[in-house]
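Bear in mind that the values in this text are calculations on the coordinates, not laboratory data. Everything numeric here is computed off the predicted structure, so don't read it as measured data. Glycine also receives a Cβ, built like all others from the backbone with ideal geometry; neighbour counts cover every protein chain displayed.
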């Protein structure tokens, strides 16, 4: 079985390459223009991944047909998890889709109290 890797663009830092199975998606939010995503010429994606050691990657990507779009991302250490919601908002703002932040935060796993 082939290992699937992904390169993620970070803001003010070199890109990172991860093994997807080691960094599962914790939450995400998507936007597309039009009725169906596969027909859309404009899309936006916000995603949160978490490693087994508690680190998080929050990243976002926009794509327009004929344009390179925007990319932003932040790697949080395990101690930065308290800043997760603020970081989601920061990345959503950086890619130009601040409304995606609320949807992504709502898709995070619930906290057990």
Cα convex hull volume per residue for the chain, in Å³, equals 138 Å³
Just subtract the alpha-carbon distance of residue 25 and residue 55 from 0.36 nm times their residue separation and send over the number in nm, one decimal. 9.6 nm
Highest-first arrangement of 76-89, 8-21, 95-108, where packing means the average Cβ count within 10 Å: 95-108, 76-89, 8-21
Relative to the longest principal axis of the chain, what angle (0 to 90°, nearest 10) does the C-alpha long axis of helix 84-94 take? 20 degrees
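So what's the back-of-envelope 222 nm ellipticity for the chain, counting only DSSP H runs of four-plus at -39500 (n - 2.57) apiece and dividing by all residues, rounded to 500? Show your work: numbers first, answer last.
Numbers: 2 runs with 18 residues, N = 113.
One gets -4500 deg cm²/dmol as the mean residue ellipticity at 222 nm.
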Taking Cα pairs closer than 8 Å and at least 6 residues apart, the relative contact order of the chain in percent is 23 percent
Whole angstrom only: what separates the Cα centroid of the range 37-113 from the Cα centroid of the range 1-36? 9 Å
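Multiply the residue separation of residue 79 and residue 36 by 0.36 nm, subtract the distance between their alpha-carbon atoms, and state the gained length in nm to one decimal. It would help to have the intermediate numbers written out before the result.
On the way: separation 43, 0.36 × 43 = 15.48 nm, distance 3.90 nm.
Gain in length upon complete extension: 11.6 nm.
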Take the alpha carbon atoms of the range 36-80, find their radius of gyration, then divide it by 2.2 N^0.38 Å using N residues; give the quotient. 1.48
